[in-house]
Amino acid sequence: RMREALKNRSPDDLRSPVCVVMGHVDTGKTKLLDKIRRTNVQEGEAGGITQQIGATYFPMDNLRNITERLNKDLSIDVKLPGLLVIDTPGHESFANLRHRGSSSANVAVLVVDIMHGLEQQTIESIKMLRAKRVPFVCAINKVDRCYGWQPLPGAPIRESLAQQPENVFSEFETRTQQVITQLMEQGLNAKLYYENKRFKQVVSLVPTSAHTGEGIPDLLMVLLTLTQRLMVEQLMFSPIMEATVLDVKKIEGVGTTVDVLLMNGKLRRGDTIVVAGMNGPIVTQIRALLTPQPAKEMRVKGEFVHHEELRAAMGVKIAAQNLEDAIAGTSMFLLTDDDDEDELKDAVMADVADIMGNVSVTGRGVSVQASTLGSLEALMEFLRTSDIPVASVQIGPVHKKDVSRASIMLEHEKEYACILAFDVKVTREAQEMAEDLGVRIFTADIIYHLFDHFTKYLEECKNERKTEIEADAVFPCVLKIIPEHVFMKRNPLVFGVEVESGIVKVGTPLVVPDKLIPDDANPGQTKMLSLGKIVSIEKDGAPVQTSGRGTKVAVKIQGTSAQSYVTFGRHFDHTNALVSKLTRKSIDLLKENFKNDLQRPDWELVIKLKKVFDIA
Ligand code: GDP
């Protein structure tokens with residue numbers, strides 16, 4: 001039956017392609033989507049544009065109107081019913097458009113800010129699109145920001161470019177060329193779309209302005225050309241249902257619903273569906289098929305329109321029992337009399353197992369929590385490429401038990417005692433517990449920002465540790481006091497010294513090895529007289545951090561209150577050498593972190609001082 005059904009597919013019966021918008025933050029993705037929507041509604045009537053669940057549908061008639069303003073020689077014979085554009089732009093939504101390892105998106109718009117060129121997320125987007133083999137056009141947005149730009153609202157871009165003054169056009173050309181060069185560095189050939197004859201091999205660039213609407217007719221036309229030329233096969237309507245769960249939402253009066261992207265086939269009320277859940281596969285019956293109420297029908301009671309049957313491609317909300325722990329970003333299947341229920345259950349959980357299974361087994365690392373499987377996967381990919389180990393992953397809000405799990409790391413690697421929470425709620429109890437325990441929770445609803453915050457935090461941790469190490473890793477030195485240069489005889493001690501050997505460094509604790517005093521902590525024992533730590537060094541009147549053998553410097557030594565009685569001339573004088581206080585630990589830290597800062601004579605001094613301090 002399935003073969004029969006597939007055989008009956010026809011290039012005359014196509015479904016709408018699904019389009020997703022990608023790019024770096026602030027390139028104008030949202031604005032562009034907005035403008036496309038509004039430009040097309042201008043004709044007074046809504047022109048058949050329908051707001052669906054998570055997507056906007058543009059019927060072909062509407063698209064034809066708007067692209068009509070373009071040169072006729074570019075006009076194409078389009079058999080597509082329309083275009084379905086996903087409402088939420090960005091990595092996160094793309095990652096959720098997963099379907100059996102490939103993507104549900106048929107085509108993408110990659111938005112680049114003409115003033116900034118390729119940015120970090122542009123490059124990540126390119127990687128994602130290539131990995132899933134999704135063809136894309138590149139919108140070079142914000143052309144109106146070229147200095148002196150003369151706007152021609154809503155115009156095809158070539159009309160607009162033709163009327164720009166020479167210097168404006170020249171800036172436009174230079175910047176576009178820069179983008180082309182940067183794309184080349186990513187291994188992509190690109191050309192302005194009207195110079196591009198090879199759609200398959202060469203990326204089309206469409207200059208746009210989301211503010212003035214210039215280039216938007218071009219963008220839509222290129223999208224349609226691309227989809228029609230490249231993927232008729234993929235877009236043939238098939239009776240076999242294919243769908244992806246985009247979101248799981250609780251709706252007042254309806255209960256928990258799943259928002260799905262129906263990519264192919266049909267859904268009927270009463271159908272049995274199989275979806276992935278946090279606690280295993282969910283098999284349930286569709287109670288209601290919903291789409292949003294059209295804007296002009298708002299007075300009609302209820303937020304949604306109920307349907308008996310819906311046909312792809314469509315954004316649909318499904319109400320059914322037992323959807324509470326459904327996972328967004330997974331495939332949804334129909335269970336018919338022909339299907340093996342267990343097979344479908346396994347299929348639906350395969351993605352989840354794939355991603356959840358990708359967690360370090362040592363239990364060492366950060367905790368990761370995301371709203372959907374797709375965003376979880378995108379997060380995991382970032383952490384993998386950044387060599388950040390992950391101890392646990394969750395889908396859904398952060399609860400106390402999650403904080404408690406993350407707190408285990410406090411005793412092992414403090415910097416990993418954190419939760420990276422993407423687009424999920426943190427319960428108040430969890431927040432309070434985290435503050436009590438010292439577990440950091442990073443939240444953001446753009447993955448990129450989450451990465452940013454966490455990377456910055458790791459950097460801080462690293463610096464902090466380095467400062468700690470610096471304090472503990474004592475450089476070896478032997479200092480000789482210059483008797484004519486004693487400026488302060490009591491705490492803080494200040495005098496001129498000659499560095500007899502080793503390196504004098506700020507932070508170094510100093511002792512007088514040949515002055516032994518009673519050790520209060522160990523009655524009957526003695527210890528070396530300790531002066532305190534060097535807090536500053538001056539060389540030729542200027543502060544320095546270190547100074548090497550043979551140099552003369554002034555040092556300021558700060559003692560604790562217990563050391564403040566120590567007086568030059570009474571407890572020690574210029575005949576006593578001052579040396580750095582070394583310990584086993586300080587030597588180890590020195591070896592691990594400052595190998596290259598010390599030279600052979602300095603290491604020899606370490607060996608000598610080891611004997612002085614009786615270190616094994
Ligand atoms: P997104 O993060 O990619 O969704 O970017 P937004 O759509 O939020 O736009 C980011 C900023 O750029 C906003 O302040 C927009 O008003 C501005 N912007 C977007 N498109 C254009 C454009 O074509 N021209 C100009 N001048 N500004 C734009």
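The values are calculated or read from the model by the stated rules, or taken from the named source; none is laboratory data. The shown structure was predicted, so the numbers you read here are calculated from the model rather than taken from an experiment. FYI the Cβ positions are ideal-geometry reconstructions off the backbone, even for glycines, and counts take in every protein chain you see. With ligands, DNA and RNA removed, areas are computed over all heavy atoms of the protein, side chains included. Shrake-Rupley method; radii C 1.70, N 1.55, O 1.52, S 1.80 Å.
Some observations on this one:
- Residue within the range 109-119 that is part of a strand (DSSP E or B), out of contact with any Ser or Thr (no Cβ under 8 Å at 6 or more places or on another chain) and either open to solvent by 70 Å² or more (accessible area, probe 1.4 Å) or within 17 Å of THR30 (Cα to Cα) (or both) present: yes
- Flag for GLU464 being assigned to a helix (DSSP H, G or I) and open to solvent by 90 Å² or more (accessible area, probe 1.4 Å): yes
Yes/no matrix, rows are residues, columns are (1) in a loop (DSSP other than H, G, I, E, B); (2) among the hydroxyl-bearing types (Ser, Thr, Tyr); (3) open to solvent by less than 60 Å² (accessible area, probe 1.4 Å); (4) closer than 25 Å to MET488 by Cβ:
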site	(1), (2), (3), (4)
PRO523	yes, no, no, no
SER536	no, yes, yes, yes
PRO543	no, no, no, yes
LYS556	no, no, no, yes
HIS574	yes, no, no, yes
VAL579	no, no, yes, yes
SER586	no, yes, yes, no
LYS591	no, no, no, no
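- Failed criterion for VAL612 (all others in (1) of a type in the set (Val, Ile, Thr); (2) within 23 Å of LYS489 (Cβ to Cβ); (3) touching a residue at least 40 places away in the same chain (Cβ under 8 Å) hold): (2)
- Among the residues examined, GLN150 qualifies as within 16 Å of the ligand (Cβ to nearest atom), more than 30 Å from MET332 (Cα to Cα) and open to solvent by 50 Å² or more (accessible area, probe 1.4 Å).
- Residue in the range 73-87 that is assigned to a loop (DSSP other than H, G, I, E, B), within 16 Å of the ligand (Cβ to nearest atom), modelled with pLDDT of 85 or more and not small (Gly, Ala, Ser) present: yes
- Helices (runs of 4 or more DSSP H) within the range 309-416 that include 3 or more residues more than 30 Å from LYS266 (Cβ to Cβ): 373-385, 400-407
- Residue match in the range 395-412 (condition: small (Gly, Ala, Ser) and open to solvent by 20 Å² or more (accessible area, probe 1.4 Å)): yes
- Within the range 511-534, residues that are closer than 17 Å to LYS610 by Cα and among the charged types (D, E, K, R) reach partners that are open to solvent by less than 80 Å² (accessible area, probe 1.4 Å) and assigned to a strand (DSSP E or B) with beta carbons closer than 8 Å, at six or more positions or on different chains, in the pairs LYS527/ILE517.
- Single match in SER125, SER102, SER160 (criterion: at pLDDT below 95 and within 14 Å of the ligand (Cβ to nearest atom)): SER125
- Taken together, the residues in the range 7-39 that are near the ligand (Cβ under 8 Å from one of its atoms) and more than 28 Å from the chain's Cα centre (by Cα) amount to 0.
- Filtering the range 385-427 to residues that are within 18 Å of TYR448 (Cα to Cα) and without any contact (Cβ under 8 Å) to a residue 24 or more places away in the chain leaves THR385, ASP387.
- Total residues in the range 167-219 satisfying the condition of being more than 16 Å from the ligand (Cβ to nearest atom), assigned to a helix (DSSP H, G or I) and either under 23 Å from PRO151 (Cα atoms) or open to solvent by less than 20 Å² (accessible area, probe 1.4 Å) (or both): the figure is 11.
- In the range 283-315, the residue that is surrounded by the fewest Cβ atoms within 10 Å (Cβ to Cβ) out of those that are under 34 Å from the mean Cα position of the chain (by Cα) and modelled with pLDDT under 95 is PRO292.
- Restricting attention to the range 120-147 and to residues that are part of a helix (DSSP H, G or I) and of a type in the set (Val, Ile, Thr), the residue that is surrounded by the fewest Cβ atoms within 10 Å (Cβ to Cβ) turns out to be ILE123.
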